[in-house]
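What follows is a set of notes on a single structure, which appears directly below.
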Amino acid sequence: MELFGNYLMAFIETGGLFAPILFISCHLLRPLFFLPVVFICISGGVLFGAVAGTLYSVIGITLSSVMFYGVIRWMPKTFSRLVNMKQKIMGRDSEFTTSQITLLRLVPFIHFHLLSLCLIEISAGFKEYARSSLLSNIPLAFVYTSVGKWISSLSPLYILVFLLALLPFIYVLRRKEIIIKWNDFFQPST
């Protein structure tokens, strides 16, 4: 992984004017190489700086999300299998809000496209998904690009404290509705 990262950094640094295009292409090819989003975003901060790296990362991550939407809609059986697997893991009635997904994207070990799947479920169509995806990708790109070196030099204790500080926000921003099943509300008479 480190060798690939060094090779990728050297290739982009020598790219000249095509470096942003190569970097955005790395975001699009990231799922094929099983690279984490955080790694690419931190690389963008190192290579291009905070502002340009964030902009290129937002473009690359959003294009990756749009490609995921197209691929998953192209394969409806795979989509239904992924939704069933998600429901087994997280429960049938659990739906996240866009705010919660935005915060969950900041957690590095939660799969990026699983959260994209959650966005697809709560979106009415492609336009709403693209807008929600863009909005939820901006904090991810900003945090990991601008504070990338700071996060990479933190001790595991500080990282744990940061993740624990995110938990109350996920609870506060949850969808505030109660679902009562028909059979639970109306008890059958015996």
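How many residues, within the stretch 139-152, are polar (S, T, N, Q) and modelled with pLDDT under 65?
Our first condition is that a residue be polar (S, T, N, Q); within the stretch 139-152, this holds for 145-146, 152.
From what's left, modelled with pLDDT under 65: 152.
Summing the residues that are polar (S, T, N, Q) and modelled with pLDDT under 65 in the stretch 139-152 gives 1.
Between residues in the stretch 35-63 that are over 18 Å from L104 (Cα atoms) and residues that are open to solvent by less than 50 Å² (accessible area, probe 1.4 Å) and outside any helix (DSSP H, G or I), which pairs lie under 9 Å by C-beta distance while being six or more apart or on different chains?
G45/V147; A50/V147
What about L167, is it touching a Cys at 6+ places or on another chain (Cβ under 8 Å) and either within 27 Å of G60 (Cα to Cα) or modelled with pLDDT of 80 or more (or both)? Don't jump to the end; show me each part of the working.
On the way: touching a Cys at 6+ places or on another chain (Cβ under 8 Å): no; either within 27 Å of G60 (Cα to Cα) or modelled with pLDDT of 80 or more (or both): yes.
Considered against the rule, which asks whether it is touching a Cys at 6+ places or on another chain (Cβ under 8 Å) and either within 27 Å of G60 (Cα to Cα) or modelled with pLDDT of 80 or more (or both), L167 comes out as no.
Would you check which residues across the stretch 153-164 are more than 15 Å from V46 (Cβ to Cβ) and either at pLDDT 85 or above or open to solvent by 70 Å² or more (accessible area, probe 1.4 Å) (or both) and list them? Explain how you work it out, then say what you get.
Within the stretch 153-164, the subset more than 15 Å from V46 (Cβ to Cβ) is 154-164.
Those that are more than 15 Å from V46 (Cβ to Cβ) and either at pLDDT 85 or above or open to solvent by 70 Å² or more (accessible area, probe 1.4 Å) (or both): P156, L157, Y158, L160, V161, F162, L164.
Scan the stretch 112-141 residue by residue and report those that are among the small types (G, A, S) and either in contact (Cβ under 8 Å) with a residue 24 or more places away in the chain or in a helix (DSSP H, G or I) (or both).
Looking only at the stretch 112-141, we keep the residues that are among the small types (G, A, S), and these are 116, 123-125, 130, 132-133, 136, 141.
Matches in the stretch 112-141: S116, A130, S132, S133, S136, A141.
The values are calculated or read from the model by the stated rules, or taken from the named source; none is laboratory data. None of these values were measured; they are calculated from a predicted model. Glycine gets a Cβ as well: all are built from the backbone with ideal geometry, and neighbour counts include every protein chain shown. Keep in mind that these areas ignore ligands, DNA and RNA; they rest on the heavy atoms of the full protein, side chains included. Shrake-Rupley method; radii C 1.70, N 1.55, O 1.52, S 1.80 Å.
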